Every structure is written in structure tokens, then in C-alpha cells.
1. Taking other Cβ within 10 Å of each residue's Cβ, how do 72, 63 sort, fewest first?
2. Looking at [x] 1.03; [y] 1.17; [z] 0.94, which value of Rg/Rh (Cα atoms, Kirkwood Rh) comes from a calculation on the structure shown?
3. Taking the chain as the reference, fit the longest principal axis to its C-alpha atoms, fit the long axis of helix 78-87 to the helix C-alpha atoms, and give the angle between the two in degrees, 0 to 90, nearest 10.
4. Quick check: from the Cα gyration tensor, does region 53-110 come out rounded (a/c under 1.5), prolate or oblate?
5. Take 66, 84, 31 and order them by how many other Cβ atoms sit within 10 Å, fewest up front.
6. Taking other Cβ within 10 Å of each residue's Cβ, how do 99, 74, 15 sort, fewest first?
7. Measuring from a point 7 Å past the Cα of residue 22 along Cα-to-C-beta, which residues in region 76-100 have an amide N at less than 18 Å?
8. Anyone know which of 46, 92, 12 comes out most mobile in the 10 Å Cα GNM of the chain?
């Protein structure tokens, strides 16, 4: 699935990094801790976070993530958007809560609905 398809399905705002909208998504990662993402996210993951500062784009680029979804209506500043455009990292936004975005993304990416309890 491409980032563009998730943007359309979840009605996401594209703040920047439009050149990366055709990247393939390999999985998802949810965390607001930058060190956690640096240590555990995988290449091609679509990162869901409430962080909206420029370090988000730096980490997404370093880890070669397919993009970043910023939740809860938080918006990035101009510097962060510029970084996103320069790096080609889609920087996306929604007013949805993290839990809702993660659940929808999981279903879209073919996640197992029968998770162990």
C-alpha cells in the first residue's frame, strides 16, 4: 500500500513531503518517544505520533520511514514542513486520536484481527 492511499482513506492533511506520497508502506509504528522510534522502527514504517517538531522529520529520514502521521490536530511549524519537503518525507496530519489512527492503519495494512489476549 502506498502512502497516498492511506492519505485518501483516512482523509489526512498533507503538510509536506508530497514527493514521497508514492512510497510503499511496509508496516506501522506508534510512539511519541524519539529514542524508541530510532531504536525500534523499521524501514518503510509509517510512524504515528503527536510530536510535530523538526526532529520528527530527521528521525523519519534517518530510519527511512515511509512517512509520519501527526495526530490530535497538532500541526508542524514552517521549519518542519521545509525539512519534510527537502527530505521527501510525507508529513501528514489528522484530528483523530492515536488509538483510532493505529487501529485503522493496522486494518488497512492487513493486520491480524485475532490478536492474542
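No value in this document is a laboratory result; all are computed from the given coordinates. What you see is a predicted model; the values in this text were computed from it and never measured. With ideal geometry, Cβ positions are generated from the backbone for all residues, glycine too; neighbour counts draw on all protein chains shown.
1. Least to most surrounded, the residues fall as 72, 63.
2. Answer label, from the structure shown: [z].
3. Compared with the principal axis, the helix lies near 80 degrees.
4. It comes out oblate by the Cα gyration axes.
5. Working: 66 25, 84 28, 31 17.
In order of increasing Cβ crowding within 10 Å: 31, 66, 84.
6. Details: 99 11, 74 14, 15 20.
Arranged by neighbour count, lowest to highest, 99, 74, 15 become 99, 74, 15.
7. Counting backbone N atoms under 18 Å from the label point, the list is 85-91.
8. Highest fluctuation among the options: 12.
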